[in-house]
Amino acid sequence: MKLYIRPRSGSLAPHIALHEAGARFFVDIVDTGSKKTATGEDYLLINKMGYVPTLELDNGAFITEGPAILSFIADYFPAAKLSPRAGTVARAHMNGYLNFIAAEIHKSFSPFFAHPPLETDTRQKMQAVLNRKIDYINGEFSDGRDYLMGKSFSVADAYLLAVLRWLPATDEGIENWPFLADFMTRAKQRPAVREAMIAEGIEDEL
Ligand SMILES: N[C@@H](CCC(=O)N[C@@H](CS)C(=O)NCC(=O)O)C(=O)O
């Protein structure tokens, strides 16, 4: 398998998931500006939108879109127990979290990486939009669960960690959401999370 990533972006989530699964995989780093990969491939032939992540299978198939890749990894490596079993209500709930993180949280962070930066007014409005979504996911942990699906770490947690680490690009800090601050501390103790973060050059956050 080969995972196409841009370090420190949303592709950190499948990177963590592959480490959690104990998968044998290669990483190719994409320059999302030039759309070339570190091994010299034309990335637009791999992912028509030119964004990361993309997972390439050993048979040459490509899987795009973060939640689809995460779901695939969970199903392909069942022994790693990175999701509830397909066809269960719990699995539907996990898919709900994947979609919420992708469509609501991930995309609400995007304006904070805009060039040129947002005007103060718009930035405040965007912060309020983002806060509301983070409030919701913080509240999910108020029942004492360790991870989104309960006791056990799932691919949705890998995605949640990958997006929450962008908070420093905004005007709020993780300390404003105590359940999520605890979640981040807990998740970063996992060997697979540490391996992926070290590989992406963000060991200073551990
Ligand atoms: N819908 C896509 C979004 C992926 C995405 O936004 N990727 C960002 C990094 S977090 C990216 O590659 N941006 C560069 C670009 O759009 O050119 C997914 O879920 O995979």
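The values are calculated or read from the model by the stated rules, or taken from the named source; none is laboratory data. Keep in mind the model is a prediction, meaning the values are calculated, not measured. Cβ coordinates were reconstructed from backbone atoms using ideal geometry, including for glycine residues, and neighbour counts include every protein chain displayed. For accessibility, only protein heavy atoms count, side chains too; no ligands or nucleic acids. Shrake-Rupley method; radii C 1.70, N 1.55, O 1.52, S 1.80 Å.
What does the C-alpha gyration tensor say about the overall shape of the chain? Classify as rounded when a/c is under 1.5, otherwise prolate if a/b is larger than b/c, or oblate.
oblate
Over the heavy atoms of Met149, what accessible area does a 1.4 Å probe trace out, to the nearest 10 Å²?
Roughly 60 Å² of Met149 is accessible to a 1.4 Å probe.
Can you work out the Karplus-derived ³J(HN,Hα) for every residue in segment 55-65? Use 6.51 cos²θ - 1.76 cosθ + 1.60 with θ = phi - 60°, whole Hz, and x for glycine or proline.
Residue by residue, segment 55-65 yields 10, 9, 8, 5, 8, x, 6, 10, 10, 10, 6 Hz.
Put a dot 7 Å past each Cα toward the Cβ at Phe62 and Ser34; how far apart are the dots in nm?
Label at Ser34, label at Phe62, 1.9 nm between them.
With a 10 Å radius around each residue's Cβ, average the other Cβ atoms per peptide and rank 150-156, 136-142, highest first.
Packing proxy ranking, top to bottom: 150-156, 136-142.
Could you grab the relative contact order for the chain? Cα pairs under 8 Å, six or more apart, rounded to a whole percent.
Relative contact order, the chain: 25 percent.
Residues with amide H under 5 Å of Thr54's amide H, sequence separation 5 or more or different chain, H placed in the peptide plane at 1.01 Å from N; which?
Tyr4
Whole-Hz ³J(HN,Hα) for each residue in segment 123-128, computed from phi via Karplus 6.51 cos²θ - 1.76 cosθ + 1.60 with θ = phi - 60°, x for glycine and proline: what do you get?
4, 5, 5, 5, 5, 5
Whole number in Å², please: accessible area per residue of the chain, 1.4 Å probe, ligands, DNA and RNA not counted.
So the chain comes to 50 Å² accessible per residue, rounded to a whole number.
Could you pull out every one of the lysines with an alpha carbon less than 18 Å from that of Lys35, ignoring same-chain neighbours closer than 8 positions?
Lys2, Lys48
Would you grab the residues whose amide H sits under 5 Å from the one on Arg145? Only those 5+ places off in sequence or on another chain, please, with H modelled 1.01 Å from N.
Residues meeting the amide H criterion: none.
Show me, for segment 162-171, the HN-Hα J-couplings you get by feeding each phi into the Karplus relation (A = 6.51, B = -1.76, C = 1.60, θ = phi - 60°), rounded to Hz, glycine and proline as x.
These are the phi-based 3J(HN,Hα) values: 4, 7, 5, 6, 8, 3, x, 7, 10, 9 Hz.
First check a/c for segment 45-109, with a ≥ b ≥ c the square roots of the eigenvalues of its C-alpha gyration tensor; if it is under 1.5, answer rounded, and if not, answer prolate when a/b is larger than b/c or oblate otherwise.
Oblate, because a/c is 1.5 or more while a/b does not exceed b/c.
Please sort 91-97, 41-47 by packing, taking for each peptide the average over its residues of neighbouring beta carbons within 10 angstrom, highest first.
91-97, 41-47
Let me have the 222 nm mean residue ellipticity of the chain computed from DSSP H runs of 4+ only, each contributing -39500 (n - 2.57), with the sum over all residues rounded to the nearest 500.
-12500 deg cm²/dmol
Using the Cβ atoms and a cut-off under 12 Å, what net charge is assigned to the surroundings of Glu56, where Lys and Arg are +1 and Asp and Glu are -1?
So the surrounding residues net to -2.
To make sure I understand the rule: partners must be lysines, Cα under 17 Å from the Cα of Lys107, and not fewer than 8 residues away in the same chain. Which ones qualify?
Candidates past the 8-residue exclusion: Lys125, Lys133.
Given a 1.4 Å probe and every protein chain left where it sits, what share in percent of the accessible area of segment 89-190 is carbon and sulfur?
The computed percentage sits at 54.
Please express the Cα-Cα pair-distance distribution P(r) of segment 89-190 as a list of whole percents, one per 5 Å bin, running from 0 to the bin with the greatest distance.
Percent of pairs per bin, in order: 2, 12, 25, 25, 18, 10, 5, 3, 0.
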